[in-house]
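Take a look at the structure below.
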Amino acid sequence: MVGTEGDQACVPLEESRLGFLDVCAGAGGLALGLEQAGFDPVLLIDNREVACDTLRLNRPGWDVRQVDLLDFDPVDDQQVYDVDLLSAGLPRVPAAAAVNSPSDIDDEIALIRATIMLMHAVQPKALLLENMAELVDRERYQPTRDFISTELKHLGYHGRWFVMNAADHRVPQDRRQGIFIALKGDRMDAFDEPARVLEPPITVGDALGESMAVRGWPQAAEWAAHANRLAPTLVGGSWNRGGGDLGPSGTKTAWQRLGVNGSSLADEVPGPDYRWRPDLDRSQLVRLTVDQTARLQGFPPDWRFAGRKTARYRQVGNAAPPAVARALGRALRKALL
């Protein structure tokens, strides 16, 4: 079984495994964590070629299909019927402050609704939705929550909304995630939300200090000591516009306090001649590589991302941290077995 670095509790292959269908699979953050928790995918679907390439690159044995969720018909893939779990790391709904018009959320809401309608055909034992925390508690999304509740009630499912922070599961990032879990019949009574890991949080310096030193940068330890806090939420950004950066202006300011230039990504870590000047403007600060941002999401070092730099970062920033998926998978496994 392939697990993340430092993880001693992955479920071994010889133990009872459960099956799942993963939609909007992206770079595989949910799927990897669920795999570590004792689930094996029967099918993964995503509409982006580069995401499918990433999944196949890391798990050649997985059945990966490039198809839009709105066009997916399970009648052609009947192995997904009655699967143990349907998981969906759906494209992020906008925070209310970022929404300019109702059309801004139409595509994201359509995919949420398509996932719920897929439940009618697939009839899994459990459902896992992962998205922005705003989906859980913002009034704007109450009609979507009502739609989900009504449809699933007709099918005999009971569900629960809650928010998790990836930092509570040893991910070096302040990342709040909206979670919805539903189970069929009375199984929801057996589901307990994952408990926080009661250990000190991992800081950006803890996570990236060693990688910053691999090319002989003499200030790597100094920078790591300075970057002694959690990373702000990584933001993958839109696939339709913009280049690779670490988020909007407020997020870039938070990165600046960590000694990081969040305006762009580096091709490699600093070398021996690089001089870091945290007292100067943002342009003089160190930039992160895509591989380093993947570590801040909790991906293991051997997880590779297909595509060019910006496409790779989009996949990283939009992914679900595997450690959170692993914690959810373990909780679901206890409720299902």
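Being loosely packed, with under 15 Cβ neighbours inside 10 Å, in contact with a helix residue (DSSP H, G or I) (Cβ under 9 Å, 6 or more places away or on another chain) and assigned by TED's automatic domain parsing to the domain that holds ALA121: is that true of LEU70 here? Criteria met by LEU70. Among the residues of region 291-337, those identified as touching a Leu at 6+ places or on another chain (Cβ under 9 Å), among the hydrophobic types (A, V, I, L, M, F, W, C) and closer than 30 Å to LYS125 by Cβ are PHE299, TRP303, ALA319, ALA320, VAL324, ALA325, LEU328, LEU332, ALA335, LEU336, LEU337. Within region 66-85, the set of residues being assigned to a helix (DSSP H, G or I), of a type in the set (Val, Ile, Thr) and farther than 22 Å from LEU18 by Cα is empty.
Suppose we keep only residues that are free of Cβ contacts under 8 Å to residues at least 24 places away in the same chain and among the hydroxyl-bearing types (Ser, Thr, Tyr) within region 264-296. Which one would you say is farthest from ALA207 (Cα to Cα)? It comes out as SER283. In summary, helices (runs of 4 or more DSSP H) completely within region 218-337 and bearing 1 or more residues that are basic (Lys, Arg), under 24 Å from the mean Cα position of the chain (by Cα) and modelled with pLDDT of 95 or more occur at 290-296, 309-317, 322-336. Out of MET188, MET119, MET164, which single residue is touching a residue at least 60 places away in the same chain (Cβ under 8 Å), part of a helix (DSSP H, G or I), surrounded by 15 or more Cβ atoms within 10 Å (Cβ to Cβ) and not assigned by TED's automatic domain parsing to the domain that holds ALA294? Result of the check over MET188, MET119, MET164: MET188. For region 195-205, the count of residues that are assigned to a loop (DSSP other than H, G, I, E, B), loosely packed, with under 14 Cβ neighbours inside 10 Å and under 21 Å from the mean Cα position of the chain (by Cα) is at least one. Just so you know, in region 233-246 the residues that are touching a residue at least 24 places away in the same chain (Cβ under 8 Å) and of a type in the set (Gly, Ala, Ser) include one that is surrounded by the most Cβ atoms within 10 Å (Cβ to Cβ), and it is GLY236. Being part of a strand (DSSP E or B), surrounded by fewer than 20 Cβ atoms within 10 Å (Cβ to Cβ) and free of Cβ contacts under 8 Å to residues at least 24 places away in the same chain: is that true of ASP40 here? Judged against the criteria, ASP40 is a match.
Against the numbered list (1) crowded, with 21+ Cβ neighbours inside 10 Å; (2) out of contact with any Phe, Trp or Tyr (no Cβ under 9 Å at 6 or more places or on another chain), GLN78 comes up short only at (1). Restricting region 85-130 to residues that are at pLDDT 90 or above and of a type in the set (Val, Ile, Thr), the residue that is farthest from ARG48 (Cα to Cα) is VAL122.
A quick yes/no check of all residues on (1) surrounded by 18 or more Cβ atoms within 10 Å (Cβ to Cβ); (2) more than 28 Å from ILE181 (Cβ to Cβ):
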| site | (1), (2) |
| --- | --- |
| GLY271 | no, yes |
| GLN292 | yes, yes |
| GLN315 | yes, no |
| LYS334 | no, no |
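May I ask you to verify whether HIS154 is assigned to a strand (DSSP E or B), over 21 Å from the mean Cα position of the chain (by Cα) and within 26 Å of PHE72 (Cα to Cα)? In short, no. Quick check on GLN256: is it surrounded by 17 or more Cβ atoms within 10 Å (Cβ to Cβ), among the polar types (S, T, N, Q) and either in contact (Cβ under 8 Å) with a residue 12 or more places away in the chain or more than 19 Å from VAL204 (Cβ to Cβ) (or both)? For GLN256, the condition - surrounded by 17 or more Cβ atoms within 10 Å (Cβ to Cβ), among the polar types (S, T, N, Q) and either in contact (Cβ under 8 Å) with a residue 12 or more places away in the chain or more than 19 Å from VAL204 (Cβ to Cβ) (or both) - is not met. Scanning region 163-190 for residues that are in contact with a strand residue (DSSP E or B) (Cβ under 6 Å, 6 or more places away or on another chain) and within 18 Å of ARG333 (Cβ to Cβ) gives MET164, ILE179, PHE180, ILE181, ALA182, LEU183, LYS184, MET188.
Screening region 1-56 for residues that are among the polar types (S, T, N, Q) and over 14 Å from PHE299 (Cβ atoms) and picking the one that is modelled with the lowest pLDDT gives GLN8.
The values are calculated or read from the model by the stated rules, or taken from the named source; none is laboratory data. Quick caveat: nothing in here was measured; it's all calculated off a predicted structure. Ideal geometry is used to build each Cβ from the backbone, glycine not excepted, and the neighbour counts take in all protein chains shown.
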